[in-house]
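Encoded as structure tokens, the structure appears first; notes follow it.
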Amino acid sequence: MDRLLAPCIVGRSSSHFTRLVRMFALELGVACEFAPVYDLSSLDARDYAGNPALKLPVLKMGDVTIFGAENICRALAELTSEHRRIIWPEDGRGVQARNAQELVWHAMQAQVQLGFGTQIAKLPVDSVYFVKAAAGMRNALEWLDEKVNEVIDDMPPHDISLLEASLFCLIEHVEFRATISLAPYGRLTAFALAFGQRASAQQTPFVFDLPPAG
Ligand SMILES: N[C@@H](CCC(=O)N[C@@H](CS)C(=O)NCC(=O)O)C(=O)O
């Protein structure tokens with residue numbers, strides 16, 4: 001692997017999966033370049049840094065390409081020279097921590113389904129396909145709201161956990177894209193407010209990337 005080139009995160013500043021890896025890079029002190037992807041309707045894998053699934057984010061490191069947010073976070077952890085105590089899903093204590101991660105991934109994917117389906121593909125929002133996705137997401141958020149404090153309190157001492165970072169990106173993204181109301185989930189919004197004080201959060205606000213003029 002060519003380590004002389006800075007790793008490059010290919011993604012979108014408006015994407016919660018992309019934000020997760022950008023936050024991890026900052027938390028771990030791994031300097032990365034960022035290459036925005038403007039058109040999510042492209043069917044050309046070259047527009048997704050070669051990811052055959054046509055998904056983002058992707059990490060490019062010399063001649064190595066890594067697909068998927070969790071995979072990328074793990075690669076960044078291998079790259080860092082700084083000591084950071086990281087909690088991965090397998091380090092979570094007990095079944096509820098693992099359920100929480102599963103529901104965060106599920107809700108993040110449901111956000112993509114709702115956003116891509118209704119806002120980019122412009123499909124009818126009242127289709128059972130989206131109504132069910134929104135219902136499942138609300139249920140997942142309700143479960144997370146009930147359990148979030150106990151799951152986090154039960155974690156061993158750490159600097160960063162995949163669960164908290166991904167949950168934060170999810171909550172802020174739901175607010176950013178206004179897909180469903182966060183009003184019923186007071187513990188989740190309080191968690192996001194506190195977690196959002198981190199420098200890694202402050203440096204990665206959600207915005208829509210604009211293609212260069214001309
Ligand atoms: N499992 C992937 C999911 C990534 C994902 O869904 N990314 C969204 C952007 S937030 C995407 O590529 N959307 C385009 C599409 O679904 O076609 C990961 O963990 O990175």
Checklist entry - Given Cα pairs under 8 Å that are at least 6 residues apart, what percent is the relative contact order of the chain? => result 27 percent
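What net charge do the residues around residue 68 carry, taking every other residue with its C-beta under 11 Å from that of residue 68, with Lys and Arg at +1 and Asp and Glu at -1? Please report the intermediate quantities before stating the final value.
Values: positive: 55, 74; negative: 70.
Spelling it out: positives minus negatives among the neighbours equals +1.
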Item to check | Eligible lysines near residue 122 by straight Cα distance, threshold 22 Å, same-chain separation 8 or greater | outcome: 55, 132
Checklist entry - On average, how much accessible surface per residue is there in the chain, in Å², for a 1.4 Å probe, leaving out ligands, DNA and RNA? => result 51 Å²
Checklist outcome for this item: Two pseudo-spin positions, 7 Å from Cα along C-beta at residue 159 and at residue 80, lie apart in nanometres by 0.4 nm
Checklist entry - Taking K and R as +1 and D and E as -1, what net charge do the other residues with C-beta under 10 Å from the C-beta of residue 82 add up to? => result -1
Next on the checklist: If I model a spin label as a point 7 Å beyond the Cα along the Cα-Cβ vector, how far apart are those points for residue 41 and residue 71 in nm?
Outcome noted: 2.7 nm
Item to check | Span per principal axis, largest first, for the Cα atoms of region 86-198 (Å) | outcome: 46, 28, 22
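Taking the chain, how much of its Cα-Cα pair set, in percent, is spaced more than 22 angstrom apart? Let's see the in-between values first.
Values: 11623 of 22791 pairs.
Within the chain, distances greater than 22 Å cover 51 percent of Cα pairs.
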Checklist outcome for this item: With label points set 7 Å from each Cα along the Cα-to-Cβ direction at residue 149 and residue 178, the distance between them in nm comes to 3.1 nm
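Run the numbers on region 86-198 and let me know its relative contact order in percent, using alpha-carbon pairs under 8 Å that are six or more apart. Spell out each step's value before the answer.
Numbers: 95 pairs, mean separation 40.9, N = 113.
The value is 36 percent.
Apply the membrane-span-like helix rule to the chain: whole DSSP H runs, Cα extent along the own long axis of at least 20 Å, mean Kyte-Doolittle hydropathy at least -0.5. List the helices found. Intermediate results must be reported in sequence, preceding the final value.
Working: long enough: 95-114 (28 Å, -0.19); 128-153 (37 Å, 0.05); 162-177 (22 Å, 0.93).
Flagged H segments are 95-114, 128-153, 162-177.
On full extension of the chain, what length is gained from residue 119 through residue 202, given 0.36 nm per residue of separation minus the C-alpha to C-alpha distance?
Values: separation 83, 0.36 × 83 = 29.88 nm, distance 2.64 nm.
Full-extension gain reported as 27.2 nm.
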Item to check | Net charge of Cβ neighbours under 15 Å - reference residue 54; Lys, Arg +1; Asp, Glu -1 | outcome: 0
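Ignoring ligands, DNA and RNA, please state the percent of accessible area on region 86-198 from carbon and sulfur, probe 1.4 Å. Walk me through the intermediate numbers first.
Values: 3110 of 5590 Å².
Ligands and nucleic acids excluded, carbon and sulfur give 56 percent.
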Checklist entry - What residue among 157, 57, 36 has the largest mean-square fluctuation in a Gaussian network model of the chain, using Cα springs under 10 Å? => result 157
Checklist entry - On the first, second and third principal axes, largest extent first, how far apart are the outermost C-alpha atoms of region 8-83 in Å? => result 40, 26, 18
Item to check | For the chain, built as a Gaussian network whose Cα springs stay under 10 Å, the top-fluctuating residue of 148, 95, 104 | outcome: 95
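The values are calculated or read from the model by the stated rules, or taken from the named source; none is laboratory data. What you see is a predicted model, and the numbers here were worked out from it, not measured in a lab. For neighbour counting, all protein chains shown are included, and Cβ atoms are generated from backbone atoms with ideal geometry for every residue, glycine included. Protein only, heavy atoms only, side chains kept; ligands, DNA and RNA dropped before computing areas. Shrake-Rupley method; radii C 1.70, N 1.55, O 1.52, S 1.80 Å.
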